[in-house]
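Reading through the structure tokens given below for one structure.
The values are calculated or read from the model by the stated rules, or taken from the named source; none is laboratory data. Everything numeric in this text was worked out from a predicted model, so none of it was measured. Positions of Cβ are generated from backbone atoms using ideal geometry, with glycine treated the same way; all protein chains shown enter the neighbour counts. Only protein heavy atoms, including side chains, enter the accessible area calculation; ligands, DNA and RNA are left aside. Shrake-Rupley method; radii C 1.70, N 1.55, O 1.52, S 1.80 Å.
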Amino acid sequence: SLASSLFMVGGYTFLLPYLSRTATSPFSADLSMYARPSMPLWSSIILFLTLFLLLKNIKKTSWPMTVMVGLTYGLSFYTYFYCWSFISAIIGFLILFYLIKRDWLRLKPVLLVMLIGLTLGSYVLYQYYFISQLPVLSLFMGLVHSRNFYFSKIAFGSLILLTAFTYKYRRNENTPLLLAVVLANFAVVDQQIITGRELQTMHYHLYFLI
């Protein structure tokens, strides 16, 4: 636990000299990226809260818990673009997984979560659509037209670990959500291959994949 906490707080200081060949001062903002106000701190709280409630609802489904998950997902739209888009990818893959398995009992609550979240976040979605139609604002936000492919070693490593975990614990009830998270890692980093629009992919890499 101590090693994990130390890496979370100072990991960028330890790794940045090797990744970018630049020195990082212990007093630099890069010592802890989570010290940045106010994102990704608040968005991470919403992300982990949503995942926690989603996992509880998967294990023991109840409609009050389903509504609560939908509310936290909807709240994510008002924090950080990369937060709600990452959660959306996770929920999307979870829906796809249950569709393939024809697990209708677990599919319905997840669909309701998606519906509640998108309904609450519809105002933000409209604003993003409006901004995307204005070239100047799109440029300011870092939106570029691209179909670049990025290979994430961290996402690939997570997939290998999940494969080993699934092989050892084949009937573990956490596997669908873990698989959705791992697939979401690949999706958010390379979504521009399909959409043709890339928006500061490093935010996903720094604040969600790592």
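Give me the pairs: first residue in region 95-106 and within 17 Å of residue 59 (Cβ to Cβ) and in a helix (DSSP H, G or I), second residue open to solvent by 90 Å² or more (accessible area, probe 1.4 Å) and at pLDDT below 95, beta-carbon distance under 8 Å, and six or more apart or on different chains, which are they?
Listed by first residue and then by second, the contacts come to 98/104.
In this structure, is residue 103 among the acidic types (Asp, Glu) and either in contact with a Leu (Cβ under 9 Å, 6 or more places away or on another chain) or surrounded by 15 or more Cβ atoms within 10 Å (Cβ to Cβ) (or both)?
So residue 103 fails the test.
Looking only at residues that are in contact with a His (Cβ under 9 Å, 6 or more places away or on another chain) and not in a helix (DSSP H, G or I) in region 178-210, which one is most open to solvent (accessible area, probe 1.4 Å)?
197
Would you check which residues across region 135-172 are open to solvent by 80 Å² or more (accessible area, probe 1.4 Å), of a type outside the set (Ser, Thr, Tyr), under 30 Å from residue 61 (Cα atoms) and modelled with pLDDT of 85 or more and list them?
Listed by number, the residues that qualify are 160, 161, 168.
Out of 79, 66, 61, I need the residue that is modelled with pLDDT of 60 or more, closer than 17 Å to residue 107 by Cβ and not in a helix (DSSP H, G or I). Which one?
Matching residue, one of 79, 66, 61: 61.
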